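Colleague: One structure coming up, written as structure tokens, with questions to follow.
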Amino acid sequence: MRFNTDRVLAIARRQAYVLQRAPQRWFDVVVWPVVDAVLFGAIGVYFGRQHGAAATTAAFLLAGIILFHVVFQAEVSVATGFLEETWSRNLLNLMVTPLSELEYGAGVALFGLVKLAIGVSVVSLVALALFAFEITSLGFALIPLVAVLLFVGWAVALVVIGLILRLGQGAEIMTWGFIALLLPLSGIFYPVNALPGALQPVAKVMPTTHVFAAAQEVVRGHPLPWGEVGIAAGSALVVAILAVFYLTRMLATFRKRGYISRHV
């Protein structure tokens, strides 16, 4: 079957229609970014004032939370895009159409990029308006850092979809559960050695940890540490390969055991 871009665009338009018709879906895209920017920006200003470096501390936290929203929006947009099919009991309809898994995934990811752009823009604008922090001050470093984080977000979303296929809708909690795990383990606001000793080895093998370590160096005014970026990119590739393998296995099991009955 040939890859059909028209079907990809149709899926993206359908996702856009769902967002348009469901105001509650804007929470992840608008409300959460605003809350995070205000929360971590205020924490940064408060603790910075205690040490006479409010602007620097706020910039440190705001850069971290803005970059974290790349992972958050990439993962949640794709995972919830698939969840919409289960919530509306539309999976069976999709399975009997000529639509391939790759085309469906591409369509959801395409619209997910739109949601990501909105969410990251919102948190960046709030950071600029309320705390005078410009994420563009990171310069060229933003490109490789955002690329790796986007890759990681999509990989996590594939794992979530695999869990939903295998376990049913009860696994939807992991859409936000994995993000809750990534937040403290990635060392977004602190070095890895600040974590409990038992957790440090786990954090060191995560691609997001190396991305944020690189970002912190840039915020401090140092050059982008390409070694950290290389480690992050390599480990992100491994994570993506494992995620695709897992999703493929779960999809095969889903079809073989007739788990579609859970979603109709």
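Colleague: Any idea which residue in region 203-238 is surrounded by the fewest Cβ atoms within 10 Å (Cβ to Cβ), counting only those that are β-branched (Val, Ile, Thr) and either in contact with a Leu (Cβ under 6 Å, 6 or more places away or on another chain) or closer than 26 Å to LEU138 by Cα (or both)?
Modeller: The qualifying residue surrounded by the fewest Cβ atoms within 10 Å (Cβ to Cβ) is VAL205.
Colleague: What number of residues in region 110-124 are surrounded by fewer than 19 Cβ atoms within 10 Å (Cβ to Cβ), under 14 Å from PRO33 (Cβ atoms) and without any contact (Cβ under 8 Å) to a residue 60 or more places away in the chain?
Modeller: Residues in region 110-124 being surrounded by fewer than 19 Cβ atoms within 10 Å (Cβ to Cβ), under 14 Å from PRO33 (Cβ atoms) and without any contact (Cβ under 8 Å) to a residue 60 or more places away in the chain: 2 in total.
Colleague: Could you run through region 125-134 and say how many residues are surrounded by fewer than 20 Cβ atoms within 10 Å (Cβ to Cβ) and within 20 Å of the chain's Cα centre (by Cα)? First the steps, then the outcome.
Modeller: Restricting attention to region 125-134, the residues satisfying the condition of being surrounded by fewer than 20 Cβ atoms within 10 Å (Cβ to Cβ) are 125, 128-130, 132, 134.
If we keep only those that are within 20 Å of the chain's Cα centre (by Cα) too, we end up with 125.
The number of residues fulfilling the criteria is 1.
Colleague: Suppose we filter ALA171, ALA157 for residues that are more than 19 Å from ALA12 (Cα to Cα), of a type in the set (Gly, Ala, Ser) and assigned to a helix (DSSP H, G or I); which single one remains?
Modeller: Among ALA171, ALA157, only ALA171 is more than 19 Å from ALA12 (Cα to Cα), of a type in the set (Gly, Ala, Ser) and assigned to a helix (DSSP H, G or I).
Conditions (1) without any contact (Cβ under 8 Å) to a residue 12 or more places away in the chain; (2) of a type outside the set (A, V, I, L, M), marked per residue:
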| residue | (1), (2) |
| --- | --- |
| SER77 | no, yes |
| ASN90 | yes, yes |
| VAL96 | yes, no |
| LEU138 | no, no |
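Per-residue answers, yes or no, for (1) over 28 Å from ILE135 (Cα atoms); (2) part of a helix (DSSP H, G or I); (3) out of contact with any strand residue (DSSP E or B) (no Cβ under 7 Å at 6 or more places or on another chain):
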position	(1), (2), (3)
PHE3	yes, no, yes
GLN20	yes, yes, yes
VAL35	no, yes, yes
VAL38	no, yes, yes
GLY48	no, yes, yes
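Read the figures in this text as sums done on the coordinates, not as results from a lab. Values in this document were obtained by computation on a predicted structure and should not be read as measured data. Glycine gets a Cβ as well: all are built from the backbone with ideal geometry, and neighbour counts include every protein chain shown.
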